[in-house]
Amino acid sequence: MRKRIANAISNAGNVLANKSGDQMTGWLIVVLVVVVVGAVFMTLYQALSPLSGTAL
């Protein structure tokens, strides 16, 4: 999992190094959406996990 994330970051860095502003903006939007969706799912998972010890 860590290697996959490192590869994704490396590939994103290579893409962001290109001179195309539209391509850079597109990748930044994709990264932002992935981070937001991941944060929402992690929050929901922790809130609903029976091991968390917190009730809704």
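Every read-out reported here was derived from the displayed coordinates using simple, explicitly stated rules and does not represent laboratory data. Please read these numbers as outputs of a predicted model, since none were measured by experiment. Here the Cβ positions follow ideal geometry from the backbone for every residue, glycine too, while neighbour counts run over all protein chains shown.
The gain in end-to-end length when the residue 3 to residue 51 segment is fully stretched comes to 14.5 nm, 0.36 nm per residue minus the alpha carbon separation. Protection proxy ranking, highest mean first, for peptides 35-42, 24-31: 24-31, 35-42, where packing is the per-residue count of other beta-carbon atoms within 10 Å, averaged. Each residue, residue 10 and residue 23, gets one label point 7 Å from its Cα in the Cβ direction; the gap between the two is 1.9 nm.
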